[in-house]
Amino acid sequence: MDYKQHICNQLNVEGVTKEELYALLCEPPTPDMGDYALPCFKLAKILRKSPVMIADGLKAAYPLDGVVSEVTSVNGYLNFKLNRLGMVEETVKKILNEGEKYGASNIGQGKCVCIDYSSVNIAKPFHIGHLSTTVLGSALYKIYNFLGYKTVGINHLGDYGTQFGKLICAYKHWGNKAEVEKGGIHAINELYVRFNNEATEEMQAEAREYFRLIESGDREANEIFEWFKSLTLAYVQTIYDKLSVTFDSYAGERFYTDKMQPVIDELEEKHLLQSSEGAKIVDLEPYGMAPCLILRSDGASLYATRDLAAATYRKNTYDFDKCLYVVAYQQNLHFKQVFKVLELMEKPWAKDLVHVAYGMVSLEDGAMSTRKGKVVWLEDVINKCVEKAYTVVNEKNPDLENKEDVAQKVGVGAVIFGALYNNKIKDIVFSYDKVLNFEGETSVYVQYTCARAGSVLQKADGIGEYTVTDLTDEEFELAKALSALPDTVLSAAEKYEPCYIARLCVDIAQKFNKFYFNCKILTAQTENVKNFRLALTQATKQTLTNALSLLGIGIPEKM
Ligand code: ARG
């Protein structure tokens, strides 16, 4: 139950909406003041009354019920105390009843969300810069699914462009089949780098010819291209498997080759297309933007042209209610242009396109400097994190079984959680020590807490009947945090911020540990208290399991 919502529904303030009240309700600095508070000075201007008078008036009118047990007016604040016993009992019961469905909903039923994420470039390194789009997009995919939406995960492959002509040319000159088969993407990347460093004028011309051959459907050129593509995809799949990332479609840029012309025709018909130095553009000057380039002067299409075709195709194919593009903020202008052009084309669904922009990820030691030509492969970051996780886990518990498995879950979890813990637009400096700190705001801390809860439950033999007759502050605070999952999932979807869920995990873990250290569970004074505490422990484990799995993070049974 959303207690804040409940309180807002009971409050009637003239000229102020329930949403505004909801946004104003906050948590007082200490729990003894109340569980929620409404700072009435924020209403003083609208109501033209003093905060104290407002608080007094609202208090008198508030109908106490099973949810709120006490309302007080203190210095212009309206404080609410929840009916703690009822609330805690209801929350724990709900979590244990719903199990792995706790936090889910069906508000998305009948609606479809397309999510474009990871969107790798064929034959190019899958580097740390792709971490955020991959794990953010995947988390949003799981979150929307959990809310009942039909979700379509799309890997909009970068498989179109003159670089493929260059690659084929480099391969023809310097490559050989066995070496490329063996070295896979790394070998392909080396060929590409070598071409850029060493190609002669003649080779450049050859490369253009190879690109033309791919375009015109030449068999050999296409076979080599498809081979590079399959090697790249096989490679990235191993990383997707580690991160539990999945897709429903790999329709990349090339897929739209024959779907751009109708869009260009439509632009023409709607008088949106202009010639400019031989190129075709849509003028966006009235909207304060650079023009959107549709065709180059040599007739070649552009990234934006293919995105216009892709958006149209997605609407026609999936009839989405929303289409998300999880792409770095460097492409802000690109998406603003594309969305604007679709709006000018009078596509009513242009408003349903959302660029979910995120910040940069770099490594602590500054290794992600492309200027030096040093690329940090995502695979290496994951492997190094798993390796370090092994050391950390081994130090903590040398006798642990399945240490490799545990290290895998801990290491991969740390990479994902590290990328998701902050608001997505923030630039992140990735630090192995920070993301693997048992005491920090980390996934390993959450996983460890979960294992701790699991070990308590294992020592108990089952959970018997109980009634909640009394509560410690620790029990109450923990249950309150657990009750926040459903709303947190909703707002994570609404704001495209999986970090809300990551933060709730840490909050719950901290509150569980306070409870664990201050309240005896297995040795509680009475059977009733013991059973209730076990149920609360089980509810914690369930809530954390559900929350972490939305982020793509697994939990080791033991740590
Ligand atoms: N492959 C592109 C890149 O690496 C990202 C594609 C994003 N999706 C899109 N529909 N434009 O920059």
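A compact table of results
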read-out: Matching residues in the range 78-135 - criterion: being polar (S, T, N, Q), within 16 Å of the ligand (Cβ to nearest atom) and more than 19 Å from the chain's Cα centre (by Cα); value: 121
read-out: Yes/no for residue 27 being under 30 Å from residue 549 (Cβ atoms) and touching a helix residue (DSSP H, G or I) at 6+ places or on another chain (Cβ under 9 Å); value: no
read-out: Scope the range 168-187; condition more than 16 Å from the ligand (Cβ to nearest atom) and within 27 Å of residue 257 (Cα to Cα); matching residues; value: 168, 169, 170, 171, 172, 184
read-out: Residue count, the range 343-365 (criterion: of a type in the set (A, V, I, L, M) and in a loop (DSSP other than H, G, I, E, B)); value: 2
read-out: Number of the exception - residue 421 against (1) within 15 Å of the ligand (Cβ to nearest atom); (2) over 27 Å from residue 281 (Cβ atoms); (3) within 19 Å of the chain's Cα centre (by Cα); (4) not small (Gly, Ala, Ser); value: (1)
read-out: Identity of the residue in the range 23-69, among the charged types (D, E, K, R) and touching a residue at least 12 places away in the same chain (Cβ under 8 Å), that ends up surrounded by the fewest Cβ atoms within 10 Å (Cβ to Cβ); value: 65
read-out: Subset of the range 236-270 that is buried (at least 17 other Cβ atoms within 10 Å of the Cβ) and of a type in the set (Phe, Trp, Tyr) - its residue that is nearest to residue 339 (Cα to Cα); value: 256
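Here, each number is a calculation from the coordinates, and none is a lab measurement. All of these numbers come straight from a predicted model, not from anything done at the bench. Cβ atoms come from the backbone with ideal geometry, glycine included; neighbour counts cover every protein chain shown.
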